[in-house]
1. Please compute the per residue accessible area over chain A with all protein chains in place, 1.4 Å probe, rounded to a whole number of Å².
2. Could you give each residue of region A:59-74 its phi-based ³J(HN,Hα) in whole Hz, using Karplus coefficients 6.51, -1.76, 1.60 with θ = phi - 60°, and x for Gly or Pro?
3. Got the relative contact order for chain C handy, in percent, Cα pairs under 8 Å and 6 or more residues apart?
4. Which net charge results for the neighbourhood of E:G54, defined as the other residues with beta-carbon distances under 12 angstrom from its beta-carbon, given Lys and Arg at +1 and Asp and Glu at -1?
5. With all protein chains present, calculate the accessible area of B:E77 using a 1.4 Å probe and round the result to the nearest 10 Å².
6. Using the per-residue mean of other Cβ atoms lying within 10 Å as a proxy for protection, in what order, highest first, do the peptides F:55-66, D:39-50, B:171-182 fall?
7. Hey, got the dipole for region E:85-164? About the Cα centre, +1 on K and R Cβ, -1 on D and E Cβ, debye to the nearest 20?
8. For region F:1-114, what % of the accessible area comes from carbon and sulfur atoms, probe 1.4 Å?
6 protein chains.
Amino acid sequence: MQGWAFQGTKVSATDVRNGISSIESTYEELLAAPGGIDRIRALETEGVDAAIIGCFGDPGLEAAREMVTIPVIGPGEASMLLAAQLGHRFGVLAVFDSLAATHRTQAFRAGVLDKLCSVRGIEVPVLELAKEPGKTFGRIVEVARMAIERDGAEVLVFGCMSMSFLDVAPRLSREVGVPVINAAQAALKAAESLVSIGLSHSKKAYPIPPKMRGTLAASKAG
Amino acid sequence: MQGWAFQGTKVSATDVRNGISSIESTYEELLAAPGGIDRIRALETEGVDAAIIGCFGDPGLEAAREMVTIPVIGPGEASMLLAAQLGHRFGVLAVFDSLAATHRTQAFRAGVLDKLCSVRGIEVPVLELAKEPGKTFGRIVEVARMAIERDGAEVLVFGCMSMSFLDVAPRLSREVGVPVINAAQAALKAAESLVSIGLSHSKKAYPIPPKMRGTLAASKAG
Amino acid sequence: MQGWAFQGTKVSATDVRNGISSIESTYEELLAAPGGIDRIRALETEGVDAAIIGCFGDPGLEAAREMVTIPVIGPGEASMLLAAQLGHRFGVLAVFDSLAATHRTQAFRAGVLDKLCSVRGIEVPVLELAKEPGKTFGRIVEVARMAIERDGAEVLVFGCMSMSFLDVAPRLSREVGVPVINAAQAALKAAESLVSIGLSHSKKAYPIPPKMRGTLAASKAG
Amino acid sequence: MQGWAFQGTKVSATDVRNGISSIESTYEELLAAPGGIDRIRALETEGVDAAIIGCFGDPGLEAAREMVTIPVIGPGEASMLLAAQLGHRFGVLAVFDSLAATHRTQAFRAGVLDKLCSVRGIEVPVLELAKEPGKTFGRIVEVARMAIERDGAEVLVFGCMSMSFLDVAPRLSREVGVPVINAAQAALKAAESLVSIGLSHSKKAYPIPPKMRGTLAASKAG
Amino acid sequence: MQGWAFQGTKVSATDVRNGISSIESTYEELLAAPGGIDRIRALETEGVDAAIIGCFGDPGLEAAREMVTIPVIGPGEASMLLAAQLGHRFGVLAVFDSLAATHRTQAFRAGVLDKLCSVRGIEVPVLELAKEPGKTFGRIVEVARMAIERDGAEVLVFGCMSMSFLDVAPRLSREVGVPVINAAQAALKAAESLVSIGLSHSKKAYPIPPKMRGTLAASKAG
Amino acid sequence: MQGWAFQGTKVSATDVRNGISSIESTYEELLAAPGGIDRIRALETEGVDAAIIGCFGDPGLEAAREMVTIPVIGPGEASMLLAAQLGHRFGVLAVFDSLAATHRTQAFRAGVLDKLCSVRGIEVPVLELAKEPGKTFGRIVEVARMAIERDGAEVLVFGCMSMSFLDVAPRLSREVGVPVINAAQAALKAAESLVSIGLSHSKKAYPIPPKMRGTLAASKAG
């Protein structure tokens, strides 16, 4: 992601405890979340300016925001809000159709459910996305066309970080004629923007868990 | 809960690994969820007919449904759907105001957001609810009146299992003049109803995580 | 319906004055409603614990709730709320396409319109449903598949009591792979649950008609 | 109403079988509807151009439209659609607060629920509205001010035909500074407009009940 | 339009400064609006009772209402509200598909977005609509059928004044079996109705621009 | 705004033809829009990477996007989407209450209407905002508190560019305890982000007006 950053931004990738090989269900999101939050808490202590969750499903997004004060960016949320700025209706190119409800709930939480007109899975497991890039891209083009022609999508979002790292958004965009959002880029720009402005999430929206109020405050003051 | 069951129903309470003392935030829901799901998977293997999650916030509800085929009941979801049957607008008496967004997302997931007109916290920590029952009840009455008079609630829901176990729903109902739903009872009746009819959740809605399809199916067939 | 009941529940069917042979329109719902409400009022006087309206369209549901204090169950409402618990999107298998708006208004009233993704008629008149059961079932399967494949239904509801009494929900479910709700069973379980918990509809939501407040109260006290 | 009509329009009031003295609940709406529909069917046979239901609650509106082909106007629906044209948010001055859900369902059916921001009852029974006109008007002004100041209403609708016949809409409008809609006038203008254009309700939306298709068509052709 | 008016109504068409040949985009709406508003202000001074904007897109509707006190009718808004009265779901036959978002925003503003189920363009430029009327009508029929059969439209609206002036609504209605609304007629009836009742738009909804409050009031008083 | 930019961004302010002193109504937005669009077209020809409209009301936003291919940013839209990322519910601090409907329509267009919980005017004309900064700030604090306490806002947005240029967002944020968005900063970050990623608005969403398709394309190719 460093190559996509503004001058002056330093991007680091970091592993999480109990990280799992790929996340393709609500269950796997739940497994991945606690370790991710621990890592974000540690990063805040280390002085990092903002944290980006490494999965489009935004596992642990609200919970992480409760536990830290630096901006925590969910790539799914950031991508959907960016998509909302580029057109009236957007579609998510998901890994699997079975993730449709998850992405719909994400859109509800982001507040842009009204603009989400399509969620279609390419039905290629995350770990196989990069195995046969040509075949994967062909499948992506096929599903993208359905999202545009049948569902009316005017903007498309890659519903997966691994799909985003294939770095084929510009190519897909030329192929199908609508803007395509790379979720990793969307998340990075959201993080850089918030840090640049000096804004973070509302603690009224994501409050410290009541029984930790004293200790968390103390640890930050200490 | 046994006392609330239909004849023939056997209710057991069971602890979960890494269970935490009380759940009052999204973060704590996340911590509690994985252990709860493991327990539900084990219960399914043991031949249990249905499982009820032990927290109104329904931690791990969707994920658990992905991993098992028996009905998994979320007390929050069950209570909200029951409330929707008793009136046009219902209110949730939450533990804390800070849980309002969480309960709103639950209502969205249950599909009854349009009927949720009020979420108000009584601002008494879960572990203190039973310490001074008279004081707690007084606070509940006060908040219930605000939900009815200011927000238009026609039905109320106890937004917490521990609040439900105080078993004061009938008393509150007499006091404020609207039906009050005990979340534990709502969940039990939902579980008994599904088992009686022989229905469970749609696997099209809560599919097995793709990479576990073979093994989970095998373990069930085995 | 007795065979579907919990132990201890006694179910009786009862005719209504001016009952009509079948209800397939808003007009016929209106004709059927007053007699049904009279009957429910009489049943309340006789000491019945709860009443179930005998038509999926829930004719007279709100009005009956205004006139009595026992739970009055609408099979349509009960089925839709149950469907909302089993998946993200449900479809109604209606008698006729021409009832789509009626079922949509029911879903609005139940509060779960957001989850209703499909209403499709099988176009077999109510009185002919049982004449050629094989042909009817074939038609039901065909329409169910359209609801699932074209409209995304994850759960199906039989939009008619007579369709429910064919008792083919489990068979259809096996055939098409999603849960299918028998409206009569859904209504029965809702009634049993409310009686078991000791809850009824909110009189704030369904108040006694103002000019009857004195007399109705008196007759109940008398 | 004749005085409010365009030149060339003839307005007649007509009683209905089983008409009741006043309608202040869903139950009373149901009692009044069948007689009203019979009357409208007779009027169509007599050659009337359009029919207006005599109650703001629009009892039997959909059912009547199923049974005839002339325009049937509901004063509630017509008033709400007119209100939607005059501002962003409108309020209904209802007879009783207990009718709020009924008026909300009307707004849903009319399609303008998003613009309904207030339903407040004046709590004066229909049959007493005209007894002390000064006192009634004072109460109306008081409730109107709350609708405007607390709920943000920019337009008001008299939620009752008897309230409309007091003919105080212009006076109230001068008093509170927003347009006030007389439901009887709104209904009359809707009827005159449809007749003038030669339009009536969609039979795709309000189809003849299936089992009457042959006979109703025959009786019209006969 | 004079031929469609009630007895006693005088209709005049009037050109506007900087009027453009046809309006087929948001950009052209913006160009047309200021001249239209100037004209409406002049007409108010001349004593006209109501003004109708000459384009289905309602360019300048809100702004004009801010500047005058006579009723200003938008044909798009008036047509959509009329359509809402004739069925549960309506479709707009637009000039171009590319106007879909514009018409959706109009429906949102009118308050009837929930009933708008279809916007489909006939893809014939406004200035060519009348060139080959037979071919245009054929294209309209084709698109109308798609709106009805694929999108479920029960009522259709001509999304263009020039399409309305072809005066083929009754013919299309006979062809496709649903009511078809001529936007010019809908606007005329709305104007006549408001003038007849003595109502105009809420100045609380469309207030005079703050910095003009003194002068506009003065010029009206003067 | 240069001071708020990322390194490498060059920001220029530019006047528009027929610019008006301040925009406080829909009417004034309409007057300002055409000149603004002309200027943006010229800027595109000059090789500018992105354009920001100089008013929170986003006058001419859709129309400008139809006429150019560079990103056109509306400060209102950008601020609302940013607010949606920082909490569940946001409020707009408007110049006047009379702009509430305008801001609601903006939120609808941005797609985040569900998160907009408050629009409250400070009732200070744009041109007087900077006259008595202390008094203005006091008024802003007062209105901000109402948005938070009465309406539940968790994030606030300055609904005016001139309010944003007072540069008091951080101070207000400290005072009232929620993030406050400076609309100029939000717009700048949106512009920088899009340019950095190489994305612009969907031409499927904002197409070239049909009758200009040839010439606009030619002028860009030429």
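The values are calculated or read from the model by the stated rules, or taken from the named source; none is laboratory data. What you see is a predicted model; the values in this text were computed from it and never measured. Ideal geometry is used to build each Cβ from the backbone, glycine not excepted, and the neighbour counts take in all protein chains shown. For the accessible areas, the whole protein counts, side chains as well, though only heavy atoms, and no ligand, DNA or RNA atoms are used. Shrake-Rupley method; radii C 1.70, N 1.55, O 1.52, S 1.80 Å.
1. With the other protein chains kept in place, chain A gives 37 Å² per residue.
2. Whole-Hz 3J(HN,Hα) from phi for region A:59-74: x, x, 4, 4, 4, 4, 5, 5, 8, 10, 10, 5, x, 10, 9, x.
3. 23
4. The answer is -2.
5. B:E77 exposes around 10 Å² with every protein chain in place.
6. Averaged packing, sorted descending, gives the order F:55-66, B:171-182, D:39-50.
7. Computed about the Cα centre, the dipole is about 120 debye.
8. With neighbouring chains kept in place, the figure for region F:1-114 is 47 percent.
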